[in-house]
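Read the structure below first, then the notes.
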Amino acid sequence: MTTQHSLRAFGLHTPPGKSSLHMESVSLSDIAQHHGTPCYVYSKSAILQALHEYQSAFSCFPSLICYAVKANPNLSILRLLAEHGAGFDIVSGGELLRVLEAGGDPQRIVFSGVGKSIEEIDLALKTGILSFNVESEAELQRLAKRAAILGIRAPLSIRVNPEVDAHTHPYIATGLRTSKFGVSTTTARTLYQQAAALPSIHIVGIDCHIGSQITRLEPFLEAADKVLELVESLQYEGISIEHIDLGGGVGIHYRDEECPSLTTYANALQNKLKNFNGRILVEPGRSIIGNGGLLLTRVEYLKSIAERQLVIVDAGMNDLMRPSLYQAWHDIIAVGLGKTEAQIVDIVGPVCESSDVLGKDRLLSVQEGDVMAILSCGAYGASMGSQYNSRPRPPEVLIDGQESRLIRYRETFDDLVKSERIPL
Ligand code: LLP
């Protein structure tokens with residue numbers, strides 16, 4: 001069972017004399033009352049603290065923390081991070097436009113992804129981003145051609161697949177030999193030689209990303225060793241590398257995971273990078289906002305079936321896909337004080353899929369109408385949401401001390417159908 005002590009790790013507490021859980025100084029019952037449920041809620045101080053932890057751990061190098069926009073692309077979140085010195089890792093033209101609208105500096109943007117379209121490449125070239133993280137020979141050729149047509153030199157990094165097992169869920173491991181991402185070190189060397197001869201390309205860096213929710217440091221360090229080996233041999237061939245981008249951040253605490261320490265990570269890198277004079281980039285997403293966000297949901301019904309007690313809530317797999325897609329575990333707690341005896345229940349959503357289960361075998365005291373909080377949903381929660389079953393997406397609220405601010409409206413029926421209302 002989650003204790004007050006462990007709740008504090010999520011920035012949550014129930015103040016003495018109050019019956020509702022609070023995020024910072026705001027009652028979550030009040031948020032549910034005011035904005036309705038389901039509703040995503042984020043803590044500004046938790047997000048900034050996570051960013052500052054990266055910035056200070058990596059301050060032993062010239063470094064840039066490029067927040068992975070896919071984790072949570074809300075404009076207000078991007079604006080907050082941009083104001084506090086973050087760069088951005090993007091994977092689409094849409095993410096690029098979001099970062100620009102939020103006031104992000106183009107020279108702090110790296111563009112990852114295996115399938116960049118011509119339109120996306122042109123947009124990023126005209127924007128003047130820091131680096132294209134190129135993932136294949138065909139992409140290098142396309143980038144060089146588009147840059148030549150536009151009369152711009154394209155800043156290039158090659159994404160190397162260091163072939164390291166990240167020991168994470170197979171859907172989010174990207175550094176295995178069979179992964180679609182990046183190129184082998186041998187291919188990378190050839191691509192750098194080709195790139196060096198292309199007048200429309202300017203080699204700026206090297207990049208890797210081995211997966212997400214990695215809870216051990218060894219895979220990161222093993223990947224760094226392989227990338228460094230390549231950097232050294234490239235330098236020997238006269239190809240100089242201005243930055244090393246080590247990809248995503250460390251894993252977070254969902255249940256019982258120990259999260260690697262950023263200072264230990266940075267110190268271990270410092271030893272390895274003694275002979276490298278350039279900049280270090282990292283692209284954390286989950287560890288910036290994952291534990292700083294939760295999803296509020298209300299109990300619609302209790303239902304008993306064969307040997308199981310179901311708690312049917314108003315949030316579903318369309319709002320939070322992680323449990324059904326990755327069998328991910330998120331803590332689920334009552335926001336108010338339980339009035340009934342706790343029992344073992346399954347928390348399920350209203351979506352018409354048997355996989356719409358948000359939590360199984362949880363010990364909870366619940367009754368109809370209670371508000372529950374699904375924890376650690378700040379990253380890959382709202383961003384992976386859909387309108388499946390014609391369910392409008394939930395609102396998002398940012399808490400700052402005693403203040404709460406709506407940063408995304410709850411969608412309406414009109415939002416669901418407006419792009420389909422085509423005059424006959
Ligand atoms: N850089 C690249 C190139 C990435 O592909 C990713 C995540 C990141 C950085 C950020 O990694 P992080 O710091 O968040 O671990 N939807 C999945 C996670 C997919 C991650 C995809 N790439 C989930 O909910 O677990």
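Observations
- With the Kirkwood sum run over all distinct C-alpha pairs, region 49-141 has a hydrodynamic radius of 13.6 Å.
- Under 12 Å from the Cα of LYS70 - aspartates and glutamates, other chains or at least 8 residues apart: ASP89, GLU95, GLU283
- For region 149-205, the convex hull drawn through the C-alpha positions has a volume of 98 cubic angstrom per residue.
- Label zone at LYS418 (point 7 Å along Cα-to-Cβ), backbone N below 18 Å, region 381-405: 386-388, 390-396
- For the pair LYS180 and LEU302, the difference between a 0.36 nm per residue extended length and the Cα-Cα distance amounts to 39.5 nm.
- Applying Stokes-Einstein at 4 °C and 1.567 mPa s to the Kirkwood radius of the chain, computed over alpha-carbon pairs, gives a translational diffusion coefficient of 57 µm² s⁻¹.
- Net charge contributed by nearby residues that have their C-beta within less than 11 Å of ARG298 (K/R +1, D/E -1): -4
- Simple Cβ-charge dipole of region 112-284, Lys/Arg +1 and Asp/Glu -1, about Cα centre, in debye nearest 20: 460
- Length added when fully stretched, ASP105-ILE118, from 0.36 nm per residue minus Cα-Cα: 2.5 nm
- Take the Cβ atoms of GLU229 and SER6, set R0 to 51 Å, and the FRET efficiency comes out at 0.80.
- Selection from ALA57, LEU294, GLN343 lying farthest towards where the dipole of the chain points positive, charges on Cβ: ALA57
- Folded to 0 to 90 degrees: helix 118-127 orientation relative to the chain principal axis, Cα: 80
- Selected from ASN277, LEU217, ILE241, residue furthest toward positive end of dipole (region 204-302; charges at beta carbon): LEU217
- Radius 11 Å from Cβ of ALA86, net charge of other residues (Lys, Arg +1; Asp, Glu -1): -2
- Peptides ranked, highest mean first, by Cβ atoms within 10 Å: ranges 85-94, 197-206: 85-94, 197-206
- Spin-label pair GLU353-LYS339: with each label point 7 Å from Cα along the Cα-Cβ axis, the two points sit 3.4 nm from one another.
- Degrees between helix 44-57 axis and first principal axis of the chain (Cα, 0 to 90, nearest 10): 30
- Magnitude of the charge dipole, region 294-353, Cβ model with Lys/Arg +1 and Asp/Glu -1, debye to 20: 80
- Qualifying lysines (Cα of each under 22 Å from Cα of LYS303; at least 8 residues distant if same chain): LYS339, LYS360
- Counting only residues at least eight positions apart within a chain, or on another chain, the lysines with an alpha carbon under 18 Å from that of LYS226 are LYS272, LYS274.
- Using the alpha-carbon positions of region 112-284, Rg (one decimal) and Dmax (whole number) come out as 16.2, 52 Å.
- Efficiency of FRET from Cβ geometry, THR187 and ILE149, R₀ 30 Å, rounded to 0.05: 0.75
- Counting only DSSP beta bridges with both residues in the chain, the antiparallel share comes to about 50 percent.
Coordinate-derived values only; no laboratory data. None of these values were measured; they are calculated from a predicted model. Note: ideal-geometry Cβ built from the backbone for every residue, glycine included; neighbour counts use all protein chains shown.
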